[in-house]
Every structure is written in structure tokens, then in C-alpha cells.
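The values are calculated or read from the model by the stated rules, or taken from the named source; none is laboratory data. Quantities reported herein were computed from a predicted structural model and do not represent experimental measurements. Heads up, the Cβs are rebuilt from the backbone with ideal geometry, glycines too, and the neighbour counts pull from every protein chain shown. Just so you know, the surface numbers come from the protein's heavy atoms only, side chains and all, with ligands and any DNA or RNA stripped out. Shrake-Rupley method; radii C 1.70, N 1.55, O 1.52, S 1.80 Å.
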Amino acid sequence: GFVEQAKPTALGKFANNYTTRKEKAQYDRFLRITQDDWVELEKQGFENMYSYDSTTKVQAETPALVSFTTACYSYMGGAHGIGITRTYNFGFLKGKPSQLTLMDFAGTKANRDKVLARLFNRIRKTKGTDWVEEGMVKGVN
């Protein structure tokens with residue numbers, strides 16, 4: 001995969017390291033899941049047909065905020081692979097570089113729940129978002 005890097009500020013370095021570490025863990029997980037299958041396919045004379053690709057890009061960057069998205073596509077046999085997008089947002093909490101969650105902005109669980117309800121209501125009204133109704137999205141951090 002490809003990981004675009006933020007500027008080498010204190011926040012950028014933290015965000016780069018965190019995102020790279022998390023994306024490597026996702027790839028390692030894919031390898032663990034598929035390793036036994038690969039061995040079996042080779043025994044049967046097949047080539048490894050599985051694939052994993054990810055691209056991480058900086059979407060926003062200011063001195064106080066860095067935001068990344070990772071587009072990931074994995075194929076493990078079947079009619080088609082699975083594509084997902086992960087997001088990572090970073091800023092300062094109590095003066096330290098940190099990954100930010102919705103709770104960091106909402107302040108309270110009640111406020112977070114209100115924001116999530118509005119968000120999911122809006123997504124459900126958007127054409128092409130059947131996957132939300134089908135339960136593929138479990139929540140937002």
C-alpha cells in the first residue's frame with residue numbers, strides 16, 4: 001500500500017506514525033487470515049489469487065489538525081473483493097498530539113448520540129447508501 005505523509009511537525013509525525021502502524025496492522029491481519037488458504041491453494045496447483053491494496057492520503061492539514069483517509073480493497077476469492085474507507089483524524093488534546101474521535105468534539109455522550117442520529121438520518125436519505133440500512137455500518141468513533 002501507499003501512505004502519504006503529513007508535514008513533519010509534532011502533530012504530523014504522530015499522525016504519520018499512528019496511521020502507518022494501524023494500516024500495517026490491517027495488512028498483517030489480512031495475511032494471517034489468508035495464510036492457510038494460500039498454502040492449500042499451492043498444494044492444489046493454483047496461484048495465489050488473493051490481493052490487498054491500500055492507499056492513504058492526507059485530506060486536510062493545518063497546524064492543529066491532520067486528517068487522513070485510507071481506501072482499501074481486498075480480494076479473497078469469489079465474485080468480487082471488498083472496498084472500504086477508513087478515516088483518521090488527529091489534533092491536540094490537553095496539549096498532546098492525539099487521534100480525535102467524535103466524542104472529543106461532542107463533549108458528552110448525549111451530544112455525541114444527537115450528532116450520530118442526525119448523521120445516520122442524513123446518510124439514509126442519500127441515494128446509494130443502502131449499505132447503512134443493511135447494517136454494514138455499525139457505528140462511528
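Points to keep in mind about this one:
- Subset of segment 42-63 that is modelled with pLDDT of 95 or more and among the aliphatic types (A, V, I, L, M) - its residue that is nearest to Ala15 (Cα to Cα): Val58
- Looking only at segment 2-18, residues that are modelled with pLDDT under 95 and within 13 Å of Thr69 (Cβ to Cβ) come to 4 in all.
- Asn111 vs. criteria surrounded by 10 or more Cβ atoms within 10 Å (Cβ to Cβ) and part of a strand (DSSP E or B): no
- For segment 8-21, a tally of residues being surrounded by fewer than 17 Cβ atoms within 10 Å (Cβ to Cβ), part of a helix (DSSP H, G or I) and of a type outside the set (Val, Ile, Thr) returns 4.
- Which numbered condition Thr85 misses (of (1) surrounded by 10 or more Cβ atoms within 10 Å (Cβ to Cβ); (2) within 22 Å of Arg21 (Cβ to Cβ)): (1)
- Pair list, Cβ under 8 Å, 6 or more apart: segment 115-140 residue closer than 22 Å to Phe105 by Cβ and modelled with pLDDT of 70 or more, other residue of a type in the set (Ser, Thr, Tyr) and not in a helix (DSSP H, G or I): Ile123/Thr129
- Entry remark, segment 94-108: residues being on the phi < 0 side of the Ramachandran plot, out of contact with any Gly (no Cβ under 9 Å at 6 or more places or on another chain) and either open to solvent by 60 Å² or more (accessible area, probe 1.4 Å) or touching a residue at least 60 places away in the same chain (Cβ under 8 Å) (or both) number 4 in total.
- Matching option when the condition is of a type in the set (Phe, Trp, Tyr) and closer than 30 Å to Thr9 by Cβ, among Phe30, Phe68, Phe120: Phe68
- Options Phe68, Phe92: the member that is among the aromatic types (Phe, Trp, Tyr), modelled with pLDDT of 90 or more and over 17 Å from the mean Cα position of the chain (by Cα): Phe92
- Among the residues of segment 30-76, those identified as in a helix (DSSP H, G or I) and surrounded by 14 or more Cβ atoms within 10 Å (Cβ to Cβ) are Phe30, Thr34, Asp37, Trp38, Leu41.
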